[in-house]
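Everything below concerns the one structure shown next.
The values are calculated or read from the model by the stated rules, or taken from the named source; none is laboratory data. All of these numbers come straight from a predicted model, not from anything done at the bench. Here Cβ is always computed from backbone atoms with ideal geometry, including for glycine, and neighbour counts include all displayed protein chains. When the accessible area is computed, the model is the full protein with side chains, heavy atoms only, and any ligands, DNA or RNA have been set aside. Shrake-Rupley method; radii C 1.70, N 1.55, O 1.52, S 1.80 Å.
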Amino acid sequence: MDTTQLIPLLEALRTDIINSLQAAGSDASGQTAKSLTIVQETDGLQLQLPGYIQLLETGRAPTSSNPVAGSPPMIQRIQQWCQAKGIPDKAAWAIKKSIDKKGYKGKPGILSEPLGDDNINQRLSPVLENLAHELSELLLSLVE
């Protein structure tokens, strides 16, 4: 199968996730949206998402006693967020300390709605119709 026919499906899902992030107020700087990429692999296509995006939906527990630093470190991500929101840089440390101590609540639906069965089936339907049409055309050309 020609995997390039799946690109419109993945682009639609990418757009749905971006719209969901924006509707939830979770994409202040635009960095998360930019990090959603469609990648061609030898065996197909993938919509790649940053690892932290799941935390936007599920939330985050307080920081453990021996945390592993993220890449980029959490303070840098918070500083970028503060800049995008027009919040003074010095507030970033207070926000980080609050997250370290209390964690933060997620926003259910950010990923689960765009990547839910209903939405995927809706987005997949035109792709499958196109494939069925192409297959019909191919079969008709073989019969003639």
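What the table shows:
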| item | result |
| --- | --- |
| Residue, farthest from K101 (Cα to Cα), within region 36-57, restricted to residues that are open to solvent by less than 40 Å² (accessible area, probe 1.4 Å) and outside any strand (DSSP E or B) | L36 |
| Among (1) part of a helix (DSSP H, G or I); (2) at pLDDT 90 or above - the single one T32 does not satisfy | (2) |
| Any hit, region 67-79, residues being open to solvent by 40 Å² or more (accessible area, probe 1.4 Å) and hydroxyl-bearing (S, T, Y) | yes |
| Some residue of region 49-59 being of a type in the set (S, T, Y) and farther than 19 Å from P108 by Cβ | no |
| Among the candidates Q76, Q80, Q48, residue that is among the polar types (S, T, N, Q) and within 12 Å of the chain's Cα centre (by Cα) | Q48 |
| Helices (runs of 4 or more DSSP H) fully within region 58-144 counting 1 or more residues that are touching a helix residue (DSSP H, G or I) at 6+ places or on another chain (Cβ under 6 Å) and at pLDDT below 90 | 74-85, 117-143 |
| Number of positions in region 17-35 that are under 16 Å from S112 (Cα atoms), open to solvent by less than 70 Å² (accessible area, probe 1.4 Å), of a type in the set (S, T, N, Q) and without any contact (Cβ under 8 Å) to a residue 60 or more places away in the chain | 0 |
